[in-house]
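Okay, so here's the structure we're looking at.
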Amino acid sequence: MGHTLLCELGLFLLCTFPFNGHAEDAVLTSDPDWSTYFPGESVMFICDMKEGEVTDWEYKIKKDDEEFIHYNSHETYKLQISSTYYSGNYQCCGRKRSSHDPKCSNVLSLTVSGRPKATLTPGTTTISVGDTVRLTCSVERSDGWKYEWFRRTSDTKEVQLSTNDGQNKVISVSQGGIYRCRGGRGNPDFYTDISDDVTIHVTFLNKPVLRQQPYWSPTFSGEMITLTCEVSGGESTEWVYEWRRAWSVVHHENKKYWKFRASESISGDYDCRRRLRDDSYSSTDWSDSFSLMILERPLSVLTVSPSWLSPGASVTLSCVVQHPSAGWRFYWYKALPDISDKFGSYIKELLPGSINGTAQDSYIVHGQRDTAGYLCRAGRGDPEYHTVYSNPKFVWSGDFNPSASLTVNPDRAQHFTSDSVSLTCEGNSTEWRVRRFTDTSLLSYCSFWGTMKGSTCNVQKILFSTTVYWCESGSAFSNAVNITGQRDDDIILVSPVHPATEGSSVILDCKLRTENVLSNVIFYKNDKIIQNDPRGQMIISAVSTTDEGFYKCQYSGKESPQSWMAVKSVSRAESSSSLFHVLLIVGLLCGISLIILLLLFCRYKQSKDSCFIRSQSTSQSSATDHMTNQDEAQRNKCAPPPHVDASLYESIKSPDDAENGAVYSVVRKNESNDVTYSLLELKSITKKGKTKKPEESCVYSDVQIRSSPGKSAHAAADEMVYSEVKPGKSLVPNRMLLRPTPTFPQPLKSTLWFIV
């Protein structure tokens, strides 16, 4: 482009003609003279030829040895910098209008960088009340700046600070807030980008303490938590309290209490501080961290002791909360079967005295007799927070419950796993479910492992373990049974599945899958050998409570599992009731027998014209041979028919005739060769006006049933019945006391007295 065109474009270089001169004498300067320029700024180049008048010269500008501005009449040139393109080495050249010899200046280097950003550097970000902090603002690798300062808070807009400090490069502040700065230079002013925020906190000397109230660790999901930020002093000032977690403020409150519901997601370290309500940057220091651990809702764990009841024993319930912590109260429940629930749940009924919970983690149930289920849970806080209910725990009784009972078929405590077993429920209900509890604490009911038909659960295969089974109705639990499953190639002990009654006979056997073991069996009680029986069985003729224990058997190197044999003691009331029924039956039989004998006697007497054989005492010797002959004839007349080997005869002797008068009645039956005696002996109560002691006057009724030939003596002895009727003192004549004769072959265990 020619210099004429450049002049027409209005450039500020002088449009002169070429001139002759020395280049080293020309000088190129810049205004402003800065080491670095930025896009948006401008610079003025000044070209001085150092001779003649300005109007005598024409000027041009070179950049990096290439013509940048053509010759023109302006010795100054204003360069508007828009990008880094303008960085480089600049030189001006001039020529006189009367000469075309050029004269060039020195080379001037120009550096252009990207738009700058101010940097704010604080001496510290936290100061105490009354102190100040120095803030410094700078722009890197450049000069000529003056600085502007700005402050804002979270509650106020940003404002520019008024300063009288020249460049304002450094200022001192005593007020908290958010500060930033920027630099400006040139005319018109060119400004840097503004600096990053710097927050200055003014702190109070009293440091807060963060607490949880009440303090429970761990805390559980769903529980209400109260955090307090305690700071001493300044109670009359209006404050705001802040809580933060993981260095981020999560809550602020006008009160020092923060109440919220816990969840697992908010576990972590918390701290707090207090600040002025109208100045969010004037506050206390942050408190020391407080660790808050939140766990999922806990489960209560219940244990019962004992697991198996002795009738009327006390049961101790103990409740523990998972992940133990403080502040709990415990609630105790009885589990009542909910037959309508398909999942086998229980209705919970609070036990007496636990409506408001107990501070103790144990509870005693007195006088429990039947199988029962229990639950517990714990609660704390206000409003009260509760744990999950415990799993039901049971205390089992082997005694039959009148309203619910369980029977097992086959009736034994051990079975092979391939055995089919029927569990039948009986009692005051039309709807039942059978449940079991395994040695792995798994609770389930019949539909999961058997088939329920009516009131019977049929099990095709027994579980290989020791398992408790029982029945449940809508109102009661049955007795419970322990059933042990054993593999088919092993051996089992055949023992009662239900408690044996005291005094009854119990037989223990050892059994293989296909047969009973009949020889060389060793029996153990509580791991001690009690019998090595070649017959293969152990007989306890009359069990007692001392026979209770764990029994097992061993045969040919194989050993059965052990099973508990319980013995049910017979109470005095039950014993007396049983004895009463036995004596009542025996008494009735004896009475009927005596009546039959008397009827037979009367009938025989009538049929023989009232034949009697009277035996008189020797003191009546005046009635001699005539009376004797008459008696003999009478005896012959009353003799039984000749074809009957045994006869019925009586001997009645009045107590008036002799001191030891007696009445005999004997009945013999030839058909069975059995003989029945009825012996009645009546002794005088008075003699010659003297009263005898009641025990000296007796009436005996001796009924003996003798076995036919071929029976053993032992069996015959078992068939004897004795009855003694003995008069006692009474104001009423002929009142007698009836009691068992003490010389029975097998004495009765109790004595019952009757007044007859």
TODO: Evaluate the following for VAL133: is it open to solvent by less than 30 Å² (accessible area, probe 1.4 Å), more than 22 Å from ASP193 (Cα to Cα) and in contact with a Pro (Cβ under 7 Å, 6 or more places away or on another chain)?
DONE: yes
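This table checks each residue for (1) touching a residue at least 40 places away in the same chain (Cβ under 8 Å); (2) in contact with a strand residue (DSSP E or B) (Cβ under 7 Å, 6 or more places away or on another chain); (3) open to solvent by less than 60 Å² (accessible area, probe 1.4 Å); (4) part of a strand (DSSP E or B).
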residue	(1), (2), (3), (4)
VAL301	yes, yes, no, yes
VAL304	yes, yes, yes, yes
PRO311	yes, no, no, no
SER318	yes, yes, yes, yes
SER325	yes, no, yes, no
TYR331	yes, yes, yes, yes
PRO352	no, no, no, no
ILE355	no, no, no, no
Open item on the list: So, LEU336, is that one at pLDDT below 95, assigned to a strand (DSSP E or B) and closer than 23 Å to LEU443 by Cβ or not?
Closed with: yes
Open item on the list: Suppose we keep only residues that are aromatic (Phe, Trp, Tyr) and over 18 Å from SER263 (Cβ atoms) within the stretch 278-299. Which one would you say is most open to solvent (accessible area, probe 1.4 Å)?
Closed with: TRP286
Open item on the list: Suppose we filter the stretch 333-350 for residues that are among the aromatic types (Phe, Trp, Tyr) and surrounded by 11 or more Cβ atoms within 10 Å (Cβ to Cβ); how many remain?
Closed with: 2
Task: LYS60 vs. criteria modelled with pLDDT of 90 or more, more than 15 Å from PHE38 (Cβ to Cβ) and not hydrophobic (A, V, I, L, M, F, W, C) - done: yes
Task: Candidates TYR37, TYR59, TYR71 - the one that is within 19 Å of ARG185 (Cα to Cα) and crowded, with 21+ Cβ neighbours inside 10 Å - done: TYR37
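For (1) within 35 Å of the chain's Cα centre (by Cα); (2) in contact (Cβ under 8 Å) with a residue 40 or more places away in the chain, each residue gets a yes or a no:
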site: ILE200; (1), (2): no, yes
site: THR203; (1), (2): no, yes
site: VAL209; (1), (2): no, yes
site: GLN212; (1), (2): yes, yes
site: TRP216; (1), (2): yes, yes
site: PHE220; (1), (2): yes, yes
site: GLU230; (1), (2): no, no
site: TYR241; (1), (2): no, no
site: LYS256; (1), (2): no, no
Open item on the list: Out of the residues in the stretch 204-227 meeting the condition of being open to solvent by 10 Å² or more (accessible area, probe 1.4 Å) and not in a loop (DSSP other than H, G, I, E, B), tell me which one is nearest to ASP131 (Cα to Cα).
Closed with: PHE204
Task: Selected residue (criterion: farthest from the chain's Cα centre (by Cα)) from residues of the stretch 396-412 that are open to solvent by less than 10 Å² (accessible area, probe 1.4 Å) and modelled with pLDDT under 95 - done: ALA404
Open item on the list: Among (1) within 30 Å of THR192 (Cα to Cα); (2) out of contact with any Gly (no Cβ under 9 Å at 6 or more places or on another chain); (3) modelled with pLDDT under 90, there is one condition TYR86 misses while meeting the rest; what is its number?
Closed with: (3)
- [ ] Tally the residues that are in contact with a Leu (Cβ under 7 Å, 6 or more places away or on another chain) and more than 17 Å from ILE127 (Cα to Cα), restricting the search to the stretch 171-195.
- [x] 3
Open item on the list: Every residue in the stretch 415-453 that is assigned to a loop (DSSP other than H, G, I, E, B) and surrounded by 17 or more Cβ atoms within 10 Å (Cβ to Cβ), please.
Closed with: ASP419, SER429, TRP432, TRP449, GLY450
Open item on the list: Just the residues that are touching a strand residue (DSSP E or B) at 6+ places or on another chain (Cβ under 6 Å), of a type in the set (S, T, N, Q) and in contact (Cβ under 8 Å) with a residue 40 or more places away in the chain, please, taken from the stretch 408-425.
Closed with: GLN414, THR417
Open item on the list: Within the stretch 229-274, take every residue that is in a strand (DSSP E or B) and small (Gly, Ala, Ser) and give me the one that is nearest to PRO298 (Cα to Cα).
Closed with: GLY268
- [ ] Using the structure shown, decide if ASP101 is surrounded by fewer than 21 Cβ atoms within 10 Å (Cβ to Cβ), of a type in the set (Asp, Glu) and touching a residue at least 40 places away in the same chain (Cβ under 8 Å).
- [x] yes
Open item on the list: Restricting to the stretch 168-197, give me the number of residues that are within 55 Å of the chain's Cα centre (by Cα) and surrounded by fewer than 17 Cβ atoms within 10 Å (Cβ to Cβ).
Closed with: 1
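The values are calculated or read from the model by the stated rules, or taken from the named source; none is laboratory data. Everything numeric in this text was worked out from a predicted model, so none of it was measured. With ideal geometry, Cβ positions are generated from the backbone for all residues, glycine too; neighbour counts draw on all protein chains shown. Side chains included, ligands, DNA and RNA excluded: accessible areas come from the protein's heavy atoms. Shrake-Rupley method; radii C 1.70, N 1.55, O 1.52, S 1.80 Å.
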